[in-house]
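Each value in this text was obtained by applying a stated rule to the coordinates, not by laboratory testing. All values reported here derive from a predicted model rather than from experimental measurement. Ideal geometry is used to build each Cβ from the backbone, glycine not excepted, and the neighbour counts take in all protein chains shown.
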Amino acid sequence: MSRPYLFNSGDWHSLQRAQEQKLRNDIAALAANRILTSSIEDLCDYFVKTFTLDVPVLQKDKTVVDQQERDIDVSHDYARMWSTPGPHFIRGTEVSFSVPFSGEADLFRIQPSTFTMNPPVGEVQEQTLILRFAATQLNPEALKRDFEAQISTIEGYLGNLRSNVEVYNKAIPATARQVLEGRKNKLLADQNIVAQLGFPLKERANAPRTYPAPEVRRKIKPSLPPQSTQPFKPEPALTSEDYEHILNVLQNMALVMERSPSAFNAIDEESLRSHFLVQLNGQYEGQASGETFNYEGKTDILLRVEGRNIFIGECKYWGGPKKLLETLDQLLSYSSWRDTKTAVIIFNRNKNFSAVLEAIVPTIQTHPNFKRLMPIEGETRFRAVLSHKDDLAREMIVTILAFDVPGTIESQDKQATTS
């Protein structure tokens, strides 16, 4: 009867190659519409969770022991001592140690890159490792030593395997993103629409540089993210470069207000909006349609291309977390297409600006459509991704710019009543 060796049914390098190939095959098998209409971040997160390996961790403190009678094959001893043909069995005792573990049971079959020529013996049943010891006469102390020695060998194999897996796991996000973006770019190229996805704004050659820009440094089985219910359709999108430049224009104007509070301490939100529109219209015109930044309904700052909003901005005085959540709801109600880029410019007239800054991120994270924060530098600048209220596969980027504009005592008292 063959011995049940562990770490003896496949080698690590073969498993790694198979995993990487399956990742590529699974991405290639995704429907084109899912690739085109889903967030690359969400798809990447799904494949990372799917292909990350979890090396078993033994829970020795939960080991249980059992014993039973068993026939022990002593044919070898009989043949050696008396030259008597076998088989020969003597009734003996078997003691089994059941050690639970967390992680993936199948990895007990894989030989790590560093191994010995004498792999450990054991059986894996679901999430339990079973080590059996049998003899005609068992000594408790010797039995415990044998168990500890076997466990030590298995732990060594798991440690070697863990070193292999850690390198592999760290590489999955970059690999998944590269393959996903490569597939998406190919699909876009096949449809000959790559050029239609970016609608850069035409910067006027004689645009005034009134406000110089500051320096800005730029193992539960997962399920696929929600898929858009609509087929992919190429849509105008604001380039990241133009988005950052618009934000810088807004920030520069806000800094003027911040540094000259007496000139702006009595204006309301509508008048506040006008100052930003003057600067933006002085810098840009909509290249695709000739439309510029305009008022529309209650939207403060709006850029439209081919009838689609590609940038929305809201100017608000800080009125507490509830008002910020209402503003996010307002932005979501405006956006009914993919990858809309938005901004919220918050002006604080309270005395405690630090408390306002500390409240912004936790407030965004409580919004039901919050998906993730995005890295951005600056103590008063925040960025997050929200899903659309009617379509979880569609996303909206919102950047929040916060500024402290001390007002008159009367304006501070008025705002304090709404905070």
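Using a basic spin-label model with each label point 7 Å from the Cα along Cα→Cβ, how many nm lie between residue 59 and residue 323?
In this crude spin-label approximation the distance works out to 5.1 nm.
How do 98, 39 rank when sorted from fewest to most other Cβ atoms within 10 Å of their own Cβ?
98, 39
In region 10-184, with Lys and Arg counted as +1 and Asp and Glu as -1 at Cβ, which of these residues, 151, 64, 38, has the Cα nearest the positive end of the dipole, that is, farthest along it?
38
Hey, what do the phi angles of region 359-372 turn into as Karplus ³J(HN,Hα) couplings, whole Hz, using 6.51/-1.76/1.60 and θ = phi - 60°, x for Gly and Pro?
In residue order, the calculated couplings are 8, 5, 4, x, 5, 4, 5, 8, 5, x, 9, 5, 10, 6 Hz.
Pull up all non-local amide H partners of residue 71: gap of 5 or more, or a different chain, and H-to-H distance under 5 Å with H placed in the peptide plane.
Under 5 Å from the amide H of residue 71: 92.
Amide H neighbours of residue 317 under 5 Å, at least 5 residues apart or on other chains, H built in the peptide plane: list them.
Residues meeting the amide H criterion: 347.
In whole Hz, what ³J(HN,Hα) sequence does region 33-39 give by Karplus (6.51, -1.76, 1.60; θ = phi - 60°), x for Gly and Pro?
5, 5, 4, 6, 9, 9, 5
Taking other Cβ within 10 Å of each residue's Cβ, how do 374, 396 sort, fewest first?
Fewest to most other Cβ atoms nearby, the residues stand as 374, 396.
Please list the non-local residues whose amide H lies under 5 Å from the amide H of residue 121, H modeled 1.01 Å from N, same-chain partners needing a gap of 5 or more.
6
From the phi angles alone, apply the Karplus equation (6.51, -1.76, 1.60; θ = phi - 60°) to region 162-171 and give each ³J(HN,Hα) in whole Hz, x where the residue is Gly or Pro.
5, 5, 5, 5, 4, 5, 4, 4, 5, 8
Which entries in the list 322/351; 186/341; 49/323; 49/186 go over 29 Å, if you measure between the two C-alpha atoms of each?
Exceeds cut-off: 49/323.
Spin-label point model (7 Å from Cα, Cβ direction): what's the residue 66 to residue 365 distance in nm?
4.6 nm
Taking the Cα centre of region 10-184 as the origin, how large is its charge dipole in debye, to the nearest 20, when only Lys and Arg (+1) and Asp and Glu (-1) carry charge on their Cβ atoms?
Charge dipole, region 10-184, about its Cα centre: 560 debye, nearest 20.
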